[in-house]
Amino acid sequence: MEKRTPLSRERVLRAAVALADDAGIESLSMRKLAQDLGVVPMALYKHVANKDELLDGMVDVVVGEIDPPVTGTDWKAAVRQRILAARSALQRHSWAAQVIESRTTPTPAVLAYLNSMIGLFREGGLSLDLTHHVMHAMGSRILGFSQELFAAAPAAEPPPAAMAAQLASAFPYVAELATAAAHTADSVVGGGCDDQFEFEFALDLLLEGVERRHRHGWISAQ
């Protein structure tokens with residue numbers, strides 16, 4: 001008889017991550033997870049108390065995949081590398097950003113990651129004051145994703161020419177931007193824009209501004 005691999009918290013969490021990767025986070029349930037693991041649902045509760053604890057653990061698995069900070073470089077390059085590593089981790093698990101946003105309390109792995117990121121700024125010489133405001137400005141981008149102004153929408157038929165002309169007349173700058181932007185079919189940032197380019201452009205814009213303010217000894221007005 002083949003010996004069954006013992007159930008453990010790590011095995012439960014990794015199976016849940018695999019299930020969400022394959023079928024989407026909406027398909028995840030304790031019953032379905034137990035079925036995939038070949039156990040009864042009650043066996044899971046020895047390792048995760050409930051669905052919320054399961055989701056927290058899944059977040060920790062994903063955050064644990066983020067590459068550690070590079071050494072021997074300046075703070076801006078180290079921060080950029082780490083954030084893009086976080087983005088790569090989240091792109092491997094398309095459901096993760098949604099779950100991270102849904103958590104009311106940061107998980108231990110998220111706290112450790114944020115602590116590491118704050119440390120890169122502080123050890124790079126940034127004041128506590130500037131670092132505080134930088135973390136607010138970065139927002140979710142610190143974790144490798146961002147809430148875009150134009151959310152993805154299902155593809156629709158283009159409006160009739162007369163309506164398109166009317167919209168362009170009423171909103172000329174929106175129409176101008178929509179027709180000028182480079183488009184790709186599978187984007188989530190609206191209009192088919194290049195997700196990775198837009199993410200890195202905004203990240204670099206923020207980091208260049210932070211570097212300039214740090215260099216000039218900026219402090220907030222209290």
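The values are calculated or read from the model by the stated rules, or taken from the named source; none is laboratory data. All values reported here derive from a predicted model rather than from experimental measurement. Cβ coordinates were reconstructed from backbone atoms using ideal geometry, including for glycine residues, and neighbour counts include every protein chain displayed. What goes into the accessible areas is simple: the full protein's heavy atoms, side chains included, and nothing from ligands, DNA or RNA. Shrake-Rupley method; radii C 1.70, N 1.55, O 1.52, S 1.80 Å.
Tell me the net charge near Glu211. Cut-off is 12 Å between Cβ atoms, Glu211 excluded, with +1 for each Lys or Arg and -1 for each Asp or Glu.
+2
Considering only protein heavy atoms and a probe of 1.4 Å, how much of the accessible area of the chain is carbon and sulfur, as a whole percent?
Exposed carbon and sulfur together represent 58 percent of the surface.
What list of ³J(HN,Hα) couplings, whole Hz, do you get for segment 97-107 from phi and the Karplus terms 6.51, -1.76, 1.60, once you set θ to phi - 60° and write x for glycine and proline?
Per-residue couplings from phi come out as 4, 4, 6, 4, 5, 7, 6, 7, 10, x, 6 Hz.
Averaging sequence separations of C-alpha pairs under 8 Å and six or more residues apart, then dividing by the length of the chain, give the relative contact order as a whole percent. Show your work: numbers first, answer last.
On the way: 184 pairs, mean separation 35.8, N = 222.
Result for the chain is 16 percent.
Heads up, I need the accessible area for His216: 1.4 angstrom probe, whole protein in place, Å², nearest 10.
The value for His216 is about 140 Å².
Taking the chain, how many lysine pairs are there with alpha carbons less than 23 Å apart, if each pair must be eight or more places apart or span two chains?
So the count of such lysine pairs works out to 4.
Read phi for every residue in segment 162-169 and hand back ³J(HN,Hα) as whole Hz from Karplus 6.51 cos²θ - 1.76 cosθ + 1.60, θ = phi - 60°, with x for Gly and Pro.
3J(HN,Hα) across segment 162-169, in whole Hz: 5, 5, 4, 5, 5, 5, 5, 5.
Considering amide H positions built from the backbone, and no H for Pro or chain starts, which residues 5 or more places from Gly124, or on another chain, come under 5 Å of its amide H?
Amide H neighbours of Gly124: none.
What is the diffusion coefficient of segment 1-103 in µm²/s, taking the Kirkwood radius over Cα pairs and the Stokes-Einstein relation at 25 °C with a viscosity of 0.890 mPa s?
164 µm²/s
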